[in-house]
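For reference, the structure is listed below as C-alpha cells.
The values are calculated or read from the model by the stated rules, or taken from the named source; none is laboratory data. Computed from a predicted structure; not experimentally measured. Cβ placement follows ideal geometry from the backbone for every residue including glycine, while neighbour counts extend to all protein chains displayed.
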Ligand code: ADP
Ligand code: F6P
C-alpha cells in the first residue's frame, strides 16, 4: 500500500491548538490517524525567519511543517487566500481586497512548500493537496520534477467562470492546479463550474462528465462530499449530554426550547441574516419560550471583513437582548469563544433547532454533526441554507434562502412548533443520508480515484 502525503495549509499538529475550529482538519484527522502517512503544511506559527520543516509524529502520522514569516502570513494567508480567494470562491466579491504583492507572496509560498516537500517524497507516494491556499502547489511540484500521482480537493465552493474571473491572478492558479491528476469537489455544481472555468481560462477540453484534457493529458474530475464519523459523533453527543457543560446549559434553559448556531465567525456563515430571522421570531413569541445560543469562534482576525463582522454581530446581539430581554431573561446568548467539539456535540443533542444558514458553504459539517447528535426518539430540527453543499444530501431539513429573512423566520417558527412525528420523519431521512458514510470512506474514495491500481483498503 503506497504512502499518503497530505498537504494542507492548516495542519492539526500534535502540539498545536486543538480547539481550532475548521472543517478541513476534522475531515482529514480520522483518516490520517487510521491510515497513517505524512501530513505536510503550515505549523500555525509565524516567525521572523523561514527555516527547514520541523518534524513530529503521533501514532502512524508523521508531520512536517513550515513556519510562515510575518510577511508571508500577511500576503499568502491573510491577504490573497482569505482576502481574495475566499470571498471570490464564496461569491462575495465585495469583500475582496487585492494587493498585487499578496499574489506574488501566495505564489512564492506555494513554491516554498513544493521545494521543501519534494525531497521528502518517496517513489510510490500518492500526494493529496487540500484547498484554495495551495492552488499553485501541483504546478510547483511538477516543476520540481515530481511525477507522483497528485490529487487536489477543494473544500469550498467554486463559482461560475464570470464570478471566478473577479479574482486577479486566478487564471494562472487554475493552470497550476490543472497539473493534478485528479480534482475533487464537494458538489456536482462546483465540479461543473470549475470545468467551465478551466475550459475558458486554460484551454482545457471537457471530454466527459468526469474528465478534462489539457495538452493531450487527461485530468479526472470527481465529486466527493466530505463526511463525518456519524455513529462516533452520536455516541459522543449522548455521553456529553450527561456531563457538566451540557447539564448546566440544560438547567439554565428551564424548559425553554434551545435554538443553536455553531460557526466560525466568518462572513460566509450568514450570521447577521440569521440573527435578523431570530429577532423576528422572538418578537412574535412570548418571552421565555425559546433561547438561542450562538457559538461564533473567532477566525482570521487579521482580515478586516472579519473584524467588522465581529462588531456587526456583537451589535445585533446586543440590540436583540436590549429590545426583548427581561430583568431575569435574555433571548440570545452569544459566545465568541471556541468550545471543544465534544462539548458542542452535547449542546447539539439538547437543541430543538439548529440554524445552519450560510450565504454559501462548501459542505458545512456542522449540519451533519447536528443530525448525528440527535436523540433518535426525540430529534431536533435542522434549518439549513440551500447554499450549503450539505443541502444536496440533507434535503429533508427545512431548506431556506439566507437572503430571505422572513422566509427564515417562518422556517424557524415552523421548526420550533414541529410535531414529533414530522421531526422523526425528517431526522430519519437525514440520518440515513449520513450514517453509512465516514471520513475514512470519503478519503478512500478519493484515493482510489487518484490511483485506481492501488485498491488496498484501510486497516480495520
Ligand atoms: P468551516 O470548515 O468553514 O469552518 P464546517 O462546518 O465544515 O465549516 O466545519 C467546522 C468544524 O469545526 C466542525 O467540526 C465544527 O463542529 C467545528 N466548529 C465550528 N465552529 C465551532 C465553534 N464555534 N466551536 C467549536 N467547534 C466549532
Ligand atoms: O474548510 C474550509 C477552510 O478554509 C479550511 O481550509 C480551513 O482549515 C478551515 O476552513 C478553517 O479556516 P482557517 O484554517 O483559515 O482557520
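Go through the stretch 68-77 and give me each residue that's under 20 Å from residue 299 (Cβ atoms) and out of contact with any helix residue (DSSP H, G or I) (no Cβ under 8 Å at 6 or more places or on another chain).
Scanning the stretch 68-77 gives 70, 73.
Among the candidates 223, 281, single out the residue that is without any contact (Cβ under 8 Å) to a residue 40 or more places away in the chain and either on the phi > 0 side of the Ramachandran plot or crowded, with 17+ Cβ neighbours inside 10 Å (or both).
Matching residue, one of 223, 281: 223.
Is at least one residue of the stretch 315-328 farther than 26 Å from residue 87 by Cβ, surrounded by 15 or more Cβ atoms within 10 Å (Cβ to Cβ) and touching a helix residue (DSSP H, G or I) at 6+ places or on another chain (Cβ under 7 Å)?
Yes - at least one qualifying residue is present in the stretch 315-328.
Taking the stated definitions as given, is residue 152 within 22 Å of the chain's Cα centre (by Cα), more than 12 Å from residue 224 (Cα to Cα) and within 16 Å of ligand 2 (Cβ to nearest atom)?
When the stated conditions are applied, residue 152 does not pass them.
Within the stretch 76-84, is there a residue that is part of a helix (DSSP H, G or I) and over 25 Å from the mean Cα position of the chain (by Cα)?
Checked the stretch 76-84: no residue is part of a helix (DSSP H, G or I) and over 25 Å from the mean Cα position of the chain (by Cα).
Among the residues of the stretch 110-121, are any within 16 Å of residue 174 (Cβ to Cβ) and within 26 Å of the chain's Cα centre (by Cα)?
Yes - at least one qualifying residue is present in the stretch 110-121.
Residue check: is residue 290 in contact with a strand residue (DSSP E or B) (Cβ under 6 Å, 6 or more places away or on another chain), at pLDDT 95 or above, buried (at least 16 other Cβ atoms within 10 Å of the Cβ) and more than 23 Å from residue 390 (Cβ to Cβ)?
So residue 290 passes the test.
Would you confirm whether or not the stretch 363-372 contains a residue that is under 12 Å from residue 260 (Cβ atoms), crowded, with 24+ Cβ neighbours inside 10 Å and more than 16 Å from ligand 2 (Cβ to nearest atom)?
Looking for residues that are under 12 Å from residue 260 (Cβ atoms), crowded, with 24+ Cβ neighbours inside 10 Å and more than 16 Å from ligand 2 (Cβ to nearest atom), one finds at least one in the stretch 363-372, hence yes.
What's the total number of residues in the stretch 337-383 that are in a loop (DSSP other than H, G, I, E, B) and modelled with pLDDT of 95 or more?
16
Starting from residues that are more than 29 Å from residue 239 (Cα to Cα) and part of a helix (DSSP H, G or I), keep the ones in the stretch 390-407 and report whichever is farthest from the chain's Cα centre (by Cα).
Selected residue: 406.
For the stretch 7-41, what are the residues that are more than 16 Å from ligand 1 (Cβ to nearest atom), at pLDDT 85 or above and touching a strand residue (DSSP E or B) at 6+ places or on another chain (Cβ under 9 Å)?
Once the filter is applied, which keeps residues that are more than 16 Å from ligand 1 (Cβ to nearest atom), at pLDDT 85 or above and touching a strand residue (DSSP E or B) at 6+ places or on another chain (Cβ under 9 Å), the stretch 7-41 yields 7, 13, 35, 36, 37, 38, 39, 40.
What number goes with the only condition from (1) within 30 Å of residue 190 (Cα to Cα); (2) away from ligand 1 (no atom under 16 Å from the Cβ); (3) assigned to a helix (DSSP H, G or I) that residue 306 does not pass?
(2)
Just to be sure, is residue 86 within 27 Å of residue 367 (Cβ to Cβ), at pLDDT 95 or above, buried (at least 19 other Cβ atoms within 10 Å of the Cβ) and more than 16 Å from ligand 1 (Cβ to nearest atom)?
Against the criterion (within 27 Å of residue 367 (Cβ to Cβ), at pLDDT 95 or above, buried (at least 19 other Cβ atoms within 10 Å of the Cβ) and more than 16 Å from ligand 1 (Cβ to nearest atom)), residue 86 does not qualify.
Of everything in the stretch 256-281, what is within 16 Å of residue 351 (Cβ to Cβ) and either within 16 Å of ligand 2 (Cβ to nearest atom) or in contact with a strand residue (DSSP E or B) (Cβ under 7 Å, 6 or more places away or on another chain) (or both)? Give them in sequence order.
256, 257, 258, 259, 260, 261, 262, 263, 274, 278
Restricting attention to the stretch 414-430, does a residue exist that is touching a residue at least 40 places away in the same chain (Cβ under 8 Å), assigned to a loop (DSSP other than H, G, I, E, B) and within 26 Å of residue 156 (Cα to Cα)?
no
Can you tell me which residue among 176, 190 is away from ligand 1 (no atom under 16 Å from the Cβ) and at negative phi?
176
Among the residues of the stretch 41-53, is any within 15 Å of ligand 2 (Cβ to nearest atom) and buried (at least 22 other Cβ atoms within 10 Å of the Cβ)?
yes
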